1. I need every pair where a residue in the stretch 83-95 that is in contact (Cβ under 8 Å) with a residue 40 or more places away in the chain has its Cβ under 7 Å from the Cβ of a residue that is assigned to a loop (DSSP other than H, G, I, E, B) and surrounded by 13 or more Cβ atoms within 10 Å (Cβ to Cβ), sequence separation at least 6 or different chains.
2. Would you mind stating whether Leu264 is over 11 Å from Asp47 (Cα atoms) and modelled with pLDDT of 85 or more?
3. Ala258 versus (1) modelled with pLDDT under 85; (2) buried (at least 21 other Cβ atoms within 10 Å of the Cβ); (3) not hydroxyl-bearing (Ser, Thr, Tyr): which is the lone unmet condition?
4. Please work out which one of (1) without any contact (Cβ under 8 Å) to a residue 60 or more places away in the chain; (2) farther than 30 Å from Leu231 by Cβ; (3) crowded, with 21+ Cβ neighbours inside 10 Å is the condition His171 fails and give its number.
5. What tally of residues in the stretch 216-243 results from selecting those that are at pLDDT 85 or above and in a loop (DSSP other than H, G, I, E, B)?
6. Among the residues of the stretch 107-118, which ones are surrounded by fewer than 24 Cβ atoms within 10 Å (Cβ to Cβ) and hydrophobic (A, V, I, L, M, F, W, C)?
7. Would you be able to say whether some residue in the stretch 195-202 is in contact (Cβ under 8 Å) with a residue 60 or more places away in the chain and not β-branched (Val, Ile, Thr)?
Amino acid sequence: MSLWDRFRRGLERTREAFTGALGTALGRRSVDPATLEALETALLGADVGPATTDRLIADARKRLQQDDALDLRAALERSAVELLSGARAEFVPGAEKPWVALIVGVNGVGKTTFAGKLAAAWAREGRRTLLVAADTFRAAASEQLEVWASRAGVEIIQAGSPNADPASVVHDGLAAARARGADAVLVDTAGRLHTKHNLMAELEKVARVCARQVPGSPHHVLLVLDGTQGLNGLAQAREFTRAVPVTSLAVTKLDGTARGGVVLAIAGELNLPVSLVGLGEGLDDWQPFDAEAYARGLFESR
């Protein structure tokens, strides 16, 4: 299946809600007041957010005025690509050894699953990857990651006792990574509400431990957001960026929501790049983010 087909399938619910609200208006080469109102309603319904909705509409209207060959669908697609291309990031190990990434986010967004899927992909590419089970609070989190490690054929470092200090587990994990010559380390942290300041402070401590064990790390902080939460993800992203230097975002469950426009809202308001998206439940149902494929999948331009 091509990259375009994966995004088209994954964004089906968002696209159907959006195009269903606008119908044939997407094929027009000018925007009358009724179309403008319907477009604003459709974008807000997809959780693009008020500020980014205004920005997209203004840019699309400008493109229509400048190019008679464009219709509204194509103008929106080009405006979305430009917005999303403002910040770019790839979630791939760099030259540092070990290259260390923290995976952070609120409860239930799919961090552990994403860590396992990434480890499996990197193992297939021949990278020696180590998983660190730093979620010592959620029941069975470590066991879940252990299952993923077994499936991926990678090593895992776990706490020696329940409710261990996550920073201590990270310390031991990075020491093991250096001793074993690991290429990459994925640290699965506990889910934490962005409004709980003590838990966010704990995340800051984990980041400091990383820097002491492996100078310059964490080399990447991946914030995982649940696409079904829509604009709640925008608030989460704001708070996490205050605690740790978020490098990029992974947006999961885009295939299960009509609120996939939140990717545009986050890019427009926070200038944070999306590096990965989850488009299904399978082992390989995730993709590196591609702005053009996303915009096509959202507006279905052909």
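The values are calculated or read from the model by the stated rules, or taken from the named source; none is laboratory data. It should be emphasised that the depicted structure is a prediction, and the values quoted were computed from it without experimental measurement. Because the Cβ atoms are built from the backbone with ideal geometry, glycine has one as well, and the counts that use them run over all protein chains shown.
1. These pairs meet every condition: Ala87/Leu272; Ala87/Pro273; Arg88/Pro273; Ala89/Thr247; Ala89/Pro273; Pro93/Arg127; Pro93/Asp183; Gly94/His219.
2. no
3. Just one mismatch for Ala258, condition (2).
4. (3)
5. Qualifying residue count, the stretch 216-243: 4.
6. Phe114
7. Scanning the stretch 195-202 turns up no residue that is in contact (Cβ under 8 Å) with a residue 60 or more places away in the chain and not β-branched (Val, Ile, Thr).
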